[in-house]
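One structure is given below, encoded as structure tokens.
Read the figures in this text as sums done on the coordinates, not as results from a lab. All of these numbers come straight from a predicted model, not from anything done at the bench. All Cβ positions, even for glycine, are placed from backbone atoms using ideal geometry, and neighbour counts span all protein chains on display.
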Amino acid sequence: MKIKFWGVRGSIPTPPTSEQIEQKMRMVLEKAAETNISTPEKRELFLRNMSFVEAGLIGGNTACVTIEANNTLIILDMGSGLVRLGNELIEKQQNNGGLDIHIFMSHTHWDHIMGWPLFKPAFYSQNKITFYSVHADFEERLNLQQDFRFFPVSLSHMASQKKFVVLEPDSEITIKGISIRNTLQYHPGKSYAYRVTYGNKSMVYATDSEYKTLDDDLSLSHVNFFRNADLLIFDAMYTFEEAIHKEDWGHSSALLGIDLSVQANVKNLALFHHEPDKDDFTVQSMLHRSLNYKKINYPKAPLDVFLAYEGLELKL
Ligand SMILES: [Zn+2]
Ligand SMILES: [Zn+2]
């Protein structure tokens, strides 16, 4: 299966500021000054060797991740990252017939639904879109977002063929050989994690979730839910200290993600739902802290920890 990140921020879209771009340019120029970049080839190589945090962006769009497996497109959440995904789907679609899209929703906080009204494939009648949500009134919530007072086009005026599937908590559904299981997470208004399995590969999408302690019933049930996953996409919004001060805000930290991943024998941990107030360099320094924590506490654990960033593609 192929996984792609279209939006990785939490709470609100976060475009980079001019000051942040200038800071990156200064860093690139300083490195360039020490490097031989006299030919186009050398300049290309120089750029390729820079990290995405130096010469690119973590990205400012909110939660949206795709999974492609067995010619099937699954979308996890509809944050602002969904808009660019929609534009690419329309571009690729030219004369290719209708799209068949499956969208699984963790919950309906703004940062997870705001991309939908501007998702272009939703405006074409040949496209089929099926929504899956444990929140039984999901359709009503989507309608509400497009009430005329908030958005000029109502849900019913989006021409695509829409179907709403209500999932039972802790149930499993299979779409073209891909199984998708859900479980409840601790978050204001309830959010749900998904475990997607195709063939012998599994990934877990577990964002917007708080863990009180590592040995309470909910955390232990999550360790079982994450067990042996090839990839865990995890809510790492806060530093460990912030997570303590912001109890009941419904988010977690990278360090807890590492603890849970090691317990569950997860292979890859993608830190996700980055805090909008933290610039790319701060998020990167949080990653470095997390890697140190892992090195000290679990030196032998075969766990790879990295930042989810916009455009990142993974193959399992
Ligand atoms: Zn969120
Ligand atoms: Zn939320």
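Under the definition of Cα pairs under 8 Å and six or more residues apart, what whole-number percent is the relative contact order of the chain?
18
Which whole-Hz couplings ³J(HN,Hα) result when phi for each residue of region 16-30 is put into the Karplus expression 6.51 cos²θ - 1.76 cosθ + 1.60, θ = phi - 60°, listed in order with x for Gly and Pro?
x, 8, 4, 4, 5, 5, 4, 4, 5, 4, 4, 5, 5, 5, 5
Checking the cross-link filter: which lysines have an alpha carbon closer than 26 Å to that of Lys246, excluding same-chain neighbours under 8 positions apart?
Lys190, Lys212, Lys278, Lys294
Rank these for me by crowding, Leu271, Leu144, going from fewest to most other beta carbons within 10 Å.
So the residues, fewest neighbours to most, are Leu144, Leu271.
Could you tell me what fraction of 2.2 N^0.38 Å the Cα radius of gyration of region 1-141 comes to, as a two-decimal ratio?
Cα Rg divided by the expected 2.2 N^0.38 Å: 1.32.
Quickly work out the Asn96-to-Ala55 label distance, labels modelled 7 Å from Cα along the C-beta direction, and quote it in nm with one decimal.
For Ala55 paired with Asn96, the spin-label model returns 2.9 nm.
If amide hydrogens are placed 1.01 Å from N in the peptide plane, which non-local residues have theirs closer than 5 Å to the one on Leu307?
Distant-sequence amide H within range of Leu307: Leu271.
By counting other Cβ atoms within 10 Å of each Cβ, how are Thr62, Thr239, Thr35 ranked from fewest to most?
Fewest to most other Cβ atoms nearby, the residues stand as Thr35, Thr239, Thr62.
Skipping prolines and chain starts, which residues have an amide H placed within reach, meaning under 5 Å, of the one on His107, given they are 5 or more residues away or on another chain?
Tyr192
Using the Karplus curve 6.51 cos²θ - 1.76 cosθ + 1.60 with θ = phi - 60°, what ³J(HN,Hα) values do you get for each residue of region 199-214, in whole Hz, with x for Gly and Pro?
Karplus values, whole Hz, x for Gly and Pro: x, 9, 10, 9, 10, 10, 10, 10, 10, 6, 8, 10, 10, 5, 9, 7.
Using the Karplus equation 6.51 cos²θ - 1.76 cosθ + 1.60 (θ = phi - 60°), what ³J(HN,Hα) coupling, rounded to whole Hz, does each residue of region 158-173 give in order, writing x for Gly and Pro?
Computed from phi, the couplings for region 158-173 are 8, 6, 4, 7, 10, 10, 10, 10, 9, 8, 6, x, 6, 9, 10, 10 Hz.
Only bridges with both residues in the chain count here: give the DSSP antiparallel percent, nearest 5.
That works out to approximately 50 percent antiparallel.
For region 132-206 and region 227-288, what is the separation of their C-alpha centers, rounded to whole Å?
Centre-to-centre distance over Cα atoms comes out at 23 Å.
Could you tally the net charge around Val53, taking each other residue with its Cβ under 10 Å from the Cβ of Val53, Lys/Arg +1 and Asp/Glu -1?
Value of the local net charge: -2.
Find the centroid of the Cα atoms in region 56-105 and in region 299-314, then give the distance between the two in whole Å.
Between the Cα centres of region 56-105 and region 299-314 lies a distance of 21 Å.
Pull up the cross-link candidates among the aspartates and glutamates for Lys120, meaning alpha carbon to alpha carbon under 20 Å and not fewer than 8 places away within one chain.
Glu68, Asp77, Glu88, Glu91, Asp100, Asp111, Glu139, Asp147, Glu310
Taking square-rooted eigenvalues a ≥ b ≥ c of the alpha carbon gyration tensor, is the chain rounded, prolate or oblate, where a/c under 1.5 means rounded and, failing that, a/b exceeding b/c means prolate?
Judged from the Cα gyration tensor, the chain comes out oblate (a/c at least 1.5, b/c at or above a/b).
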